[in-house]
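Structure record follows, encoded as structure tokens.
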Amino acid sequence: MTRQPRLEIEYCTQCRWLMRAAWTAQELLTTFPQELGEVALVPGTGGVFDISLDGELLWSRKAEGGFAEVPLLKQMVRDRIAPDRKLGHSDRRPAGDASHGM
């Protein structure tokens, strides 16, 4: 039985991105301990580093041209699973940045 919401981090084993994937998972689980039902680390190849929430792609390293900053990921996850939740310093944006890429 899959617990909801389910976050998946698909990472490239060839690039040795397991530690980055695990650290990202730890950050999100620490921030959303009650809201996330499951975080899965999914081995992949070919430079993949994709983050999906319940099947919806939130971030693709290839499509976006790099890795997402963790505060941005936290905002993206929060906006979908706990929109009223405050994230403290992760909610702060640089001056002049009215959006966070959505």
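The values are calculated or read from the model by the stated rules, or taken from the named source; none is laboratory data. Quick caveat, the model's predicted, so the values are computed rather than measured. FYI the Cβ positions are ideal-geometry reconstructions off the backbone, even for glycines, and counts take in every protein chain you see. To get the accessible areas, we keep the full protein, side chains included, count just its heavy atoms, and leave off ligands, DNA and RNA. Shrake-Rupley method; radii C 1.70, N 1.55, O 1.52, S 1.80 Å.
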The answer for the net charge of residues other than residue 50 whose Cβ lies under 12 angstrom from its Cβ, with Lys and Arg +1 and Asp and Glu -1, is -2
Note: region 6-84, point scatterers on Cα, Debye, no solvent; log10 I/I(0) at q = 0.12, 0.20, 0.26 Å⁻¹ equals -0.29, -0.82, -1.38
Residue-normalised value, i.e. accessible area per residue, for region 1-45 at 1.4 Å probe, in Å², stands at 64
Counting sequence-distant residues (5 or more places) and residues on other chains, those with an amide H built under 5 Å from that of residue 58 are 51, 52, 53
A chain fully extended from residue 69 to residue 6 at 0.36 nm per residue, minus the present Cα-Cα distance, gains in nm 20.7 nm
Under the Karplus relation with 6.51, -1.76 and 1.60 and θ = phi - 60°, whole-Hz ³J(HN,Hα) for region 29-39, x at Gly and Pro, equal 5, 5, 6, 10, x, 9, 8, 8, x, 6, 10
A 1.4 Å probe over the protein heavy atoms gives region 16-81 a carbon and sulfur accessible-area percentage of 50
To the nearest 0.05, the calculated FRET efficiency linking residue 85 and residue 18 through their beta-carbon distance, R0 being 30 Å, is 0.60
If every Lys and Arg gets +1 and every Asp and Glu gets -1 at its Cβ, then about the Cα centre region 6-84 yields a dipole, in debye to the nearest 20, of 300
Karplus-derived 3J(HN,Hα) from phi for region 51-65 (6.51 cos²θ - 1.76 cosθ + 1.60, θ = phi - 60°), whole Hz, x at Gly and Pro, runs 10, 10, 10, 6, x, 8, 5, 8, 8, 10, 4, 5, 5, 8, x
The extension gain from residue 38 to residue 60, computed as 0.36 nm times the residue separation minus the Cα-Cα distance, is 6.0 nm
Quick tally, 1.4 Å probe accessible area for 86, 62, 74, sorted with the most first, runs 86, 62, 74
